[in-house]
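The structure appears right after this line, and notes come after that.
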Amino acid sequence: MIGIAAPASPQRYGRGLDGLVAGDTRIAELDGVAGRLLYRGYPIGDLVAHCSFEEVSYLVLNGELPSPDRLEAWRSELVRWRRPPDRAIEALARLPRRAHPLAQYRTMLTVAACHIPEAEDSSLDAQWRRPARILSWTSALAAAAIRHLEGAPPVGPSDELGFAANFLLQSLGRTPTAAEVRAFDASLIVQAEHGLHAAAFAALVVISTGADLGSAVLAGIGALSGARHGGANQLAFEMMAGLADPDQARLWARAALARGQRFPGFGHRVYRCPDPRVRALEPIAEELLSRRGLSERWQVYLALRDEVERALGPRGIFANVDSITGLIYHPIGLPATAFPIPFCLAIQTGWMAHCLEYLPDGAMIEPGAVYLDR
Amino acid sequence: MTELDTLSASFAWRARDLEWPVTTEVGRGLSGVVAATTRVMWLDPASGTLSYRGVPVESVAGRWSFEQVAFLLISGRSPGDDGAGFEAFRERLRSSRRLPPEVTALVRDLDPATHPTRLLRAGVSALGCWELGADDELSGDRHWRELRIVGQVAGLVAEVAAHRAGRARPTVDDRETLADGILGAVTGVAPDRADGDLLDLLWVLYAAHGLDAPTFTSMIVASCLADPYFNVVAGLSALCGPRQGGASEAVLDQLAAQPGPEHAVEWVRGVLSRGGRIAGFGHRVYRMPDPRVVILRRELARLARRRGRPEVFEAALALEHAATAELAPRGVHVNINFYAAPIFALLGAHPALVPCLFAVGRMAGLVALVREAIDDVRLIRPLSRYTGPPERRVGSASSR
């Protein structure tokens, strides 16, 4: 976020800073009317079709797609940081298995943050050296947290694999198929950045204090953990998993609609139209599910989506990205309780980009409050 | 719609009620923006008033314990009016200082030379794993209301301090105040009454101070309905930066560099003429001396005398006068860190530990403000304006 509005510009806004334009950004464009999401000018559908997560993360952070040389350098930088401190993984042994995987993951990050190089250096150069390490360490730690759910030991990285493939290898303990890698890569790409949402804003406040980029990411994860924000992909999947076939899905949806129930994975503060991330991922999820002989699950999703959108679409409520990612994570073999973790892996790219954009002249973010007398 | 005159410091606002939306000016770092309404505290930069739930801080400083002030801030009730409620609160606060052995072990596994705020954050995160399971209500509201986390942070800070000093942490004694428990861990000996009271006073003065970065970060995270451990880990992350955590160190370095009270004026002029800054001066909110400074100046004088180190106070006072003479005409005044830093040092705390000690006091205001944010049930999320490149297409890799 750059170029915070000049001091003499009044704005009108509501509770929760609703409607306040906090600043300018050159990273993502969200169009909630036409249903478009662009990173640095590129539509996400285009990026999914042509790019890897490595290229897209470079784009989101740096502003341009990498030349072949720069891509090679970025890839090797990412590979270089694939081994997080042992202490961070060992910390899992000190945590109860019943803890939420995201809380275990968070704890590993806080322990890793006790072992980072140049920890107290908050110069801009030092901050720019951090994204590769954060992306790769968090990938390894996320995989360890996911394996810990099943009581399985961590799996080491493979330096030959790309970001998505290596994460799946370390999470699943097996080499993923090309279709799995492509699908997971696409899920990373469409979730790599989403403007100044609450988690990105929390990260900005932290970076504005001069804290390191990893501390900003931890604040973002906190916001994402909340039921109102990031836990929805798990809830949406669990809702669908309880439905046996499309007929049951339709009947259940009608009954739930009649009760006025809310559906996790539907509706979005920005998109009052079909979510562009859903449209980009749907064909990929459908193909993956059918390869796995899980086409019934795809039919359940379609039945539920159509039923809910027919009733609520006129009010601007459509399936959002949380309803579709589970249909990629599940056939790959990731457990539903861990679904928020891959979302964190992807979206932290955007948080870091916003922080790095804000830093050069970033004033400490410190708004006020009105004291109520009564 | 409510029109608010924007002052350079936003806490001058006081109203019977506020009707949203509001119109304000929007400055750098969102200064001038109203992010919340609060009944917790009021800070008036013009008159130098700081009050907690309508009670001026001067009237509780030195009279009320930190535990009493925390109860006032969090519950909105005076401990005198709700004796039974306060007793239960205090019991919970003190007993939550006992930590699961695995959490202690996790902290002890880490290098004691790590910045203490990072150790504290790792400990809070681990505690959250023990306090809340995957099947618990995600918002963690129940736990929030139990307020254990305030006591737990105090317990962890004691653990971190003892680990740093290479000692075992003294056994938790429920008859002991939070301040005594921590001082015992910091110094390795049972604290005397006056020292315990002084740390308590520091916490009372630090308990709440508007939407500072740790508090505001926690409020944003809480507004997403995250559990309290996610909130506090995020809040502590905002304490990891030098702008928040390093102030104390800078003040002490500056005092150590003092050639002597009689040279304070030349020294200050020298620093300023080289474009340097005087640590412990300047505040975003106040355009007058921070009201808490008056109290701490007196306390540093007493403590320095008790320790047989009157020169510490004399050096600080001379420096304050010299710097005020130069800076006050520019609207830059002494802030609370200027006197808090040498007090923390004389109490035996290494400067790196100061942000952790500060955090214990600030937890009271943070919990109180976060609870208001949860009750307000509104996601905190501003907008941004896109000014990047227009739509373009991905070319072939070879064309890049």
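Just so you know, all these numbers are worked out from the coordinates, no wet-lab data involved. These numbers come from a predicted model, not from an experiment. Note that each Cβ is placed from the backbone with ideal geometry, even for glycine, and that neighbours are counted across all protein chains shown.
Numbers for the structure displayed
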{"item": "Dipole-positive endmost among A:Pro10, A:Leu102, A:Gly242 within chain A (Cβ charges, Cα centre)", "result": "A:Gly242"}
{"item": "Per-selection Rg to Rh, chain B - Cα, Kirkwood hydrodynamic radius", "result": "0.99"}
{"item": "Kyte-Doolittle at least -1.0, axis length at least 15 Å by Cα - qualifying DSSP helices, chain A", "result": "A:101-112, A:130-149, A:178-190, A:213-225, A:246-258, A:276-291, A:295-312, A:321-332, A:340-358"}
{"item": "For region B:247-346: relative contact order, % (alpha-carbon pairs under 8 angstrom, 6 or more apart)", "result": "45 percent"}
{"item": "DSSP H segments from chain B that extend 27 Å or more along their own axis, Cα-based, with Kyte-Doolittle mean of 0.0 or above", "result": "B:354-376"}
{"item": "Relative contact order (percent, whole number), chain A, Cα cutoff 8 Å, 6+ residue spacing", "result": "23 percent"}
{"item": "Least to most buried among B:Tyr206, B:Tyr386 (fewest other Cβ within 10 Å first)", "result": "B:Tyr386, B:Tyr206"}
{"item": "Calculated FRET value between B:His350 and A:Arg269, using beta carbons and R₀ = 30 Å, to 0.05", "result": "0.10"}
{"item": "Spin-label model distance (nm) - B:Asp174 vs B:Arg330, 7 Å beyond Cα toward Cβ", "result": "5.5 nm"}
{"item": "Under 13 Å from the A:Asp361 label point (7 Å along Cα→beta-carbon), backbone N, region A:193-209", "result": "none"}
{"item": "Angstrom value of the Kirkwood radius, inverse mean 1/r, which spans all Cα pairs in chain A", "result": "21.4 Å"}
{"item": "Full-extension gain in nm, A:Asp24 to A:Glu90, via 0.36 nm per residue minus C-alpha separation", "result": "19.6 nm"}
{"item": "5 angstrom amide H check on B:Arg53, placed H, neighbours 5+ away", "result": "B:Met41, B:Trp42"}
{"item": "Whole-number percent relative contact order across region B:20-109, with pairs defined as alpha carbons under 8 Å at least 6 apart", "result": "14 percent"}
{"item": "Rounded, prolate or oblate (a/c below 1.5 giving rounded, otherwise prolate when a/b exceeds b/c) for region B:172-220 by Cα gyration tensor", "result": "prolate"}
{"item": "Solvent-free Debye scattering, log10 I(q)/I(0), computed from the Cα coordinates of the protein assembly as shown at q = 0.10 Å⁻¹", "result": "-1.02"}
{"item": "Only Lys, Arg (+1) and Asp, Glu (-1) charged, at Cβ; the protein assembly as shown dipole about Cα centre in debye", "result": "320 debye"}
{"item": "Max mean-square fluctuation residue, GNM over chain A, Cα-Cα springs under 10 Å, options A:Ala144, A:Ala126, A:Ala338", "result": "A:Ala126"}
{"item": "Around B:Gly308: net Lys/Arg minus Asp/Glu count, Cβ-Cβ under 15 Å", "result": "+1"}
{"item": "Added length on full extension, which subtracts the Cα-Cα distance from 0.36 nm per residue, B:Glu91 to B:Asp111", "result": "4.0 nm"}
{"item": "Helical mean residue ellipticity (222 nm; -39500 (n - 2.57) per DSSP H run of 4+; nearest 500) of chain A", "result": "-17000 deg cm²/dmol"}
{"item": "Note, ³J(HN,Hα) from phi for region B:38-50, Karplus 6.51, -1.76, 1.60, rounded to Hz, x at Gly and Pro", "result": "9, 10, 6, 8, 9, 9, 10, x, 6, 9, x, 8, 10"}
{"item": "Shape call, region B:247-346: gyration tensor on alpha carbons, a/c limit 1.5", "result": "oblate"}
{"item": "Qualifying chymotrypsin sites (Phe, Trp or Tyr not before Pro) for region B:250-334 [loop in DSSP, other Cβ within 10 Å: at most 16]", "result": "none"}
{"item": "Listed residue (A:Val205, B:Ala323, B:Gly196) projecting farthest to the positive dipole end of the protein assembly as shown, Cβ model", "result": "B:Gly196"}
{"item": "Shape call, region A:199-295: gyration tensor on alpha carbons, a/c limit 1.5", "result": "prolate"}
{"item": "Exposure proxy ranking, count of Cβ atoms within 10 Å, fewest first, for B:Leu202, B:Leu50", "result": "B:Leu50, B:Leu202"}
{"item": "Å³ per residue enclosed by the Cα convex hull of region A:63-117", "result": "118 Å³"}
{"item": "Signed unit charges on C-beta, dipole axis of region A:95-193, positive-most listed residue A:Ala152, A:Ala132, A:Ala112", "result": "A:Ala152"}
{"item": "Cα centroid of region B:152-222 to Cα centroid of region B:281-331, whole Å", "result": "24 Å"}
{"item": "Least to most buried among A:Glu160, A:Glu54, B:Glu326 (fewest other Cβ within 10 Å first)", "result": "A:Glu160, B:Glu326, A:Glu54"}
{"item": "Trypsin sites (Lys or Arg not before Pro) restricted to region A:1-98 and DSSP loop, no more than 16 other C-beta within 10 Å", "result": "A:Arg97, A:Arg98"}
